[in-house]
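All remarks here apply to the structure that follows.
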Amino acid sequence: MMNILLQDWELPPFDQIQTTDYEPAVHTALAEAERNVEAIATNPEPPTFENTVEALETASRRLDRISAIMSNLNECCTDKTLQDVVMRLEPEITRFSMRVATDQRLYERVCQIDADLLFLDIEQRTLLENTLNGFRRHGVALDGEKRECYRDNEEELSRLKLRFGRNALADLNEWALHLTTEDDLVGLPQSLRDTAQEEAAARCLDGWLFTLAAPSYIPFMTYSTRRDLRERMYRAYGSIGGRGNGHDNNAVIRRIIQLRAKQARMLGYETYCDYVLDDRMVQSLTNLQTFMQRLLNAVLPAAQRDLEDLKEIADSTDGTVMPWDVSYLSEQLRRRRYDLDSETLRPWFPLEAVREGIFALYGRLYGLRFNVDTTVPVYHPDVLVYRVSDGGREIGLLYLDMFPRPSKRSGAWMTEFRGQYDSVRPQIQVICNFSKPTVGVPSLLRFSEVETFMHEMGHAMHGMFSEVRYESLSGTNVKHDFVEMPSQLMENWCYEPEFLSTFARHWQTGEPLPTEYIEKIRAARNHMAGWLCLRQLNLGLTDIAFHTSDGADLSDRLNFKAEDIESSAMHNLLSRVPGCCTATNFNHIFGGGYASGYYGYKWAEVLDADIFSRFKADGIFNTDTAGRFRQEVLSRGGTEHPAVLFRRFMGRDPDQQALLNRMGLIH
């Protein structure tokens with residue numbers, strides 16, 4: 001029987017795919033892609049945009065679809081067998097990509113194409129420019145020996161990134177806190193106790209079991225009055241990937257930053273950070289450092305005030321605040337200041353109602369409809385699939401995967417099984433890790449999780465609204481410091497009474513979220529804003545430290561630990577906890593695509609705050625404003641520089657004032 005992955009299918013055939021299908025399918029698709037590329041390189045006809053640039057765009061389409069399924073499932077529905085398969089295949093796929101990117105025959109053909117002479121439109125010009133840039137940024141101009149070295153390094157990096165994520169997931173799943181007495185549970189909400197009891201029972205244990213997965217870890221750290229237990233949880237979470245066991249990521253990080261620094265220097269850049277930023281909105285390390293310093297100057301005094309406020313209510317004997325105290329004390333402070341308890345709000349945010357509220361918002365702004373389709377194959381029973389339509393036209397498929405499981409990494413993200421191109425519509429996946437329903441109680445979201453859902457749906461709709469010709473330019477394929485803008489923009493609606501009133505209802509009584517609660521949510525929006533902003537800046541600064549000259553130099557000291565670099569990079573207001581390190585579990589920069597780019601969250605906040613000011617001025621449900629935003633920004637993907645798209649919509653360059661106003665840092 002023919003391998004299902006090699007057959008013609010419109011929808012990913014998750015109900016028929018076996019893990020054993022991947023290797024033969026990828027090898028067949030690789031061979032096909034190599035033949036396609038060779039045909040382009042040896043084409044006797046003079047190079048044209050169509051027979052070279054467009055041909056390269058589609059040369060590996062079958063491989064791209066198969067590898068998208070494989071890599072996405074390795075993130076959210078994996079096991080050791082699949083992890084081993086991916087570990088074998090990803091370097092082969094990387095090797096193919098690098099052979100293409102360093103093929104001088106292809107590069108010479110592309111160089112002969114004159115955009116002005118051929119009267120190329122803006123989308124064709126961007127694809128041509130990106131293709132040329134891709135060759136240059138992957139070492140096509142290096143001499144033979146260096147070019148081969150560059151390819152080998154990229155192949156090794158692909159293996160290291162996979163190993164990083166695999167190690168972190170193993171460490172996360174390996175540790176749990178088993179409690180057996182009611183005294184250990186003081187302060188914990190009943191919903192968390194019920195979930196922990198079910199978790200213990202599932203492992204044939206009495207009592208309660210708390211894990212490091214977000215739906216367990218975050219509320220435990222927020223509500224437990226047991227400072228000693230919070231410390232145990234914090235130290236366990238903070239040591240993920242750094243416990244000195246078989247899953248330790250320190251050596252992985254050392255090798256990653258060493259190779260990245262080497263790659264950058266081979267291409268003529270001083271640091272890996274310089275290499276990355278050369279192709280971003282921020283353009284240079286100097287510009288980035290100026291941007292970060294300005295924000296740091298604005299938020300550091302506020303963060304220090306936040307810390308002093310926490311010290312006043314500290315539950316330690318000497319009034320000190322340690323990292324495992326922050327979430328708990330912050331929640332206590334929120335209650336005192338705003339009479340607002342995060343747990344109290346959860347009954348008004350059942351997952352199904354939140355989901356329908358978000359769908360309705362997109363319906364109101366953009367005229368979309370979301371219809372569940374239970375006939376579409378899924379890779380796990382938790383997954384729901386929606387057909388998204390605009391009028392009578394279907395614009396894409398949306399896969400929602402909302403609950404944690406051991407086979408799924410932590411966090412929340414959006415990805416694609418297929419991107420949009422020409423008349424082909426996207427197949428988009430949104431992954432979250434929300435609390436599962438328990439017996440008789442639906443999944444109830446914290447308000448921060450409502451924001452998370454809105455954020456990831458913002459990414460999803462960026463992909464869904466795409467209307468471009470080429471897949472590599474569609475949807476979220478934009479400059480990386482722009483990609484978070486559409487997602488962060490959607491979070492703003494969470495604080496608007498007119499939106500909350502459309503869906504926030506008590507799951508038992510149907511009672512609308514009281515107006516006084518909405519006012520408290522809005523009043524508490526900037527609670528600990530300085531502290532939280534400093535945390536984001538610290539993560540960005542850590543990323544930069546690993547990928548600038550200091551980080552590259554440290555990579556030569558083979559015994560350095562990631563926490564040493566992290567500690568020196570961060571503006572820590574609390575005492576360092578030995579053995580705890582964000583970097584060894586920092587998948588964004590060591591397992592994903594955010595290396596030297598984590599600052600992009602703050603960069604994009606400037607853009608989203610500015611753009612939302614337009615929605616506020618015109619009305620948050622104004623369909624004309626939404627329509628312009630969709631047409632002039634979201635639908636264009638990466639076909640034009642994001643600064644051009646922003647300027648076209650706003651009529652000017654970005655202004656930091658809106659963000660600082662929103663954070664309450666200036667008046």
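The values are calculated or read from the model by the stated rules, or taken from the named source; none is laboratory data. For clarity, every value in this text was computed on a predicted model and none was experimentally measured. Using ideal geometry, Cβ is built from the backbone for each residue, glycine included, and neighbour counts are taken over all protein chains shown. In case anyone asks, the SASA skips ligands and DNA or RNA and just uses the protein heavy atoms, side chains included. Shrake-Rupley method; radii C 1.70, N 1.55, O 1.52, S 1.80 Å.
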Cα→Cβ-extended label distance, 7 Å offset, between Glu148 and Gln304, nm: 5.7 nm
Angle between the chain longest axis and helix 122-136 axis [Cα atoms, degrees, rounded to 10]: 90 degrees
Fraction of beta bridges assigned by DSSP in the chain that are antiparallel (%, nearest 5): 85 percent
Eligible lysines near Lys161 by straight Cα distance, threshold 30 Å, same-chain separation 8 or greater: Lys80, Lys146, Lys262, Lys408, Lys436, Lys479, Lys561, Lys602
Helix axis angle, 227-238 relative to the chain longest principal axis, alpha carbon, degrees: 0 degrees
Value of [θ]222 nm, deg cm²/dmol, for the chain, DSSP H segments ≥ 4, -39500 (n - 2.57) each, nearest 500: -16500 deg cm²/dmol
Cα centroid separation, the range 46-109 to the range 283-315 (Å): 41 Å
Euclidean distance between Cα centres, the range 490-505 to the range 356-420, Å: 20 Å
Charge dipole (debye, nearest 20) of the chain; +1 at Cβ of Lys and Arg, -1 at Cβ of Asp and Glu: 720 debye
Tilt relative to the chain, helix 190-202 - C-alpha long axis, 0 to 90 degrees, to 10: 60 degrees
Net +/- balance of residues flanking His571 in space, Cβ distance below 15 Å, scoring K and R +1, D and E -1: +2
Accessible area in square angstrom per residue, the range 603-654, 1.4 angstrom probe: 37 Å²
Average accessible area per residue (Å²) across the range 391-519 - probe 1.4 Å, nucleic acids and ligands excluded: 31 Å²
In Hz, Karplus ³J(HN,Hα) per residue of the range 485-496 (6.51, -1.76, 1.60; θ = phi - 60°; x = Gly, Pro): 4, x, 6, 5, 4, 5, 4, 4, 5, 4, 9, 9
Student exercise, the range 95-165 dipole from Lys, Arg, Asp, Glu Cβ charges, in Debye to nearest 20: 400 debye
Computed accessible area, His588, all protein chains, 1.4 angstrom probe, square angstrom: 70 Å²
At 1.306 mPa s and 10 °C, Stokes D of the chain from Kirkwood alpha-carbon radius, µm² per second: 60 µm²/s
Added length on full extension, which subtracts the Cα-Cα distance from 0.36 nm per residue, Arg227 to Tyr495: 93.3 nm
Rounded accessible area per residue of the range 27-144, 1.4 Å, Å²: 46 Å²
Peptides 108-116, 634-642, 351-359, 203-211 ordered by average Cβ neighbours within 10 Å, highest first: 634-642, 351-359, 203-211, 108-116
Full-stretch length increase - Leu11, Asp206 - with 0.36 nm per residue and alpha-carbon distance subtracted: 65.9 nm
Accessible surface of the range 287-402 [probe 1.4 Å, protein heavy atoms]: carbon and sulfur percent: 44 percent
Most to least packed among 252-261, 318-327 [average Cβ atoms within 10 Å]: 252-261, 318-327
Probe 1.4 Å - accessible area at Cys77, Å² to nearest ten: 40 Å²
Cβ charges +1 (Lys, Arg) and -1 (Asp, Glu), total dipole of the range 304-388, debye: 600 debye
Relative packing of 8-20, 602-614, 300-312, which averages over residues the other C-beta atoms within 10 Å, highest first: 602-614, 300-312, 8-20
Under 15 Å, Cβ to Cβ, from Glu182 - net charge with Lys/Arg +1 and Asp/Glu -1: -2
Charge dipole (the chain, unit charges on Cβ, about Cα centre) - positive-most of Ser567, Thr548, Ala360: Ser567
Within-11-Å neighbourhood charge of Tyr594 [Cβ basis; K, R +1; D, E -1]: -3
Nearest-0.05 FRET efficiency for Thr374 and Arg337, computed from C-beta distance (R0 41 Å): 0.35
Surface accessible to a 1.4 Å probe, Glu416 within the full protein complex, Å²: 40 Å²
The range 505-654, accessible surface, carbon-and-sulfur percent (1.4 angstrom probe): 47 percent
Accessible-area ranking of Tyr599, Tyr328, Tyr338, largest first, probe 1.4 Å: Tyr338, Tyr328, Tyr599
Accessible surface of the range 420-499, 1.4 Å probe, proportion on carbon and sulfur as whole %: 52 percent
